[in-house]
Amino acid sequence: MAVRHLFAGSMIVTGLVLALVPAAVPCRADDESDDAAYVTFSDDHPAGEARPDKALVYVVRPTKIGFAIKSFFLCDDAILGINKGSSYFFAQVDPGRHLFWSKSENVDGLELKVEAGKTYYIQQQVKMGAFRARTKLEVLDEAAGREALAKCKKYGAMTVKGRAKGQEIARDHKKDALEDVERRAKEATPGQ
C-alpha cells in the first residue's frame, strides 16, 4: 500500500513539473521572437535588375532543412537580408572585393570580388547543428543559381527590427567571419 502511494505521489510531482516546464522555458528553435519581428515573407517572386553601377547579388536558401531557423546574411559590416527555408532575397552591392557572411548557429564567410552590371548567386546551405541550423555559403554559377532561385517559394524583406538585429550581429560576429575566411584560405592551400 505504501509503495502504491509513493508511486502515485511521484507521478503527481512529475506531472506538475512537466506542466510547469513549458511555461517557465519557452520551447523555441531559436532565441529570437517570431519571424515577423525581423523579416516578412511573401509569396511574391520579385526579380532584381542588374544595374550598370552595382552588382546584383541573390541570396538563396532553396531547401526546407531547418525551415523555421533564420539565417542572417551580411556584406562587410552591413546586413543585406534574412532567409529561412525555401526563401530568397537580393541586394545591389558596390563593385569590388567584399566579405560575404552568414550567421546562424555558426558564422560562415567568403570573400568574393563582384563586378558592376553582373549577377551573382550565393546559397546559404543549411545543416542541422547541435541546437540550431548551421550555415555554409556557396557561390553558384548562373545555371545553378537560377535553378536554386526557382525552388525558393518566399521572398524575404527585412523589417526595421531585422536591420537593427543585423547591425548587432555585424558588430559582435564580424571577427568570426574573418576567421572563417582565413580558415578557408588555409584549407585551400594545404601544407601551409
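None of the figures in this text is laboratory data; all of them are computed from the coordinates on show. Every value quoted in this text rests on a predicted model; they were computed, and no experiment measured them. So basically every Cβ, Gly included, is an ideal-geometry build from the backbone, and we count neighbours across all protein chains shown.
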* Asked: Given a Förster distance of 30 angstrom, what is the FRET efficiency for L178 paired with F67, based on the Cβ-Cβ distance and rounded to 0.05?
  -> 0.55
* **Loop-located chymotrypsin sites (Phe, Trp or Tyr not before Pro) in segment 67-106 whose Cβ has at most 16 other Cβ within 10 Å (DSSP)** => F67
* Structure fact -> So for segment 57-192, using the alpha carbon gyration tensor with a ≥ b ≥ c as root eigenvalues (a/c under 1.5 gives rounded; past that, a/b versus b/c decides prolate or oblate), I'd call it rounded
* To do: Using label points projected 7 Å from each Cα along Cα→Cβ, tell me how many nm separate A185 and D77, to one decimal.
  => 2.0
* Calculate the spin-label point distance for Q167 paired with E115, positioning each point 7 Å from the Cα along the beta-carbon direction, and give it in nanometres. => 3.5
* Relative contact order [Cα under 8 Å, 6+ residues apart], segment 108-184, whole percent -> 37
* Pairs of Cα atoms under 8 Å, at least six residues apart: use those to get the relative contact order of segment 61-192, whole percent. => 29
* Asked: Using the alpha-carbon centroid of each, what span in Å lies between segment 68-107 and segment 149-170?
  -> 8
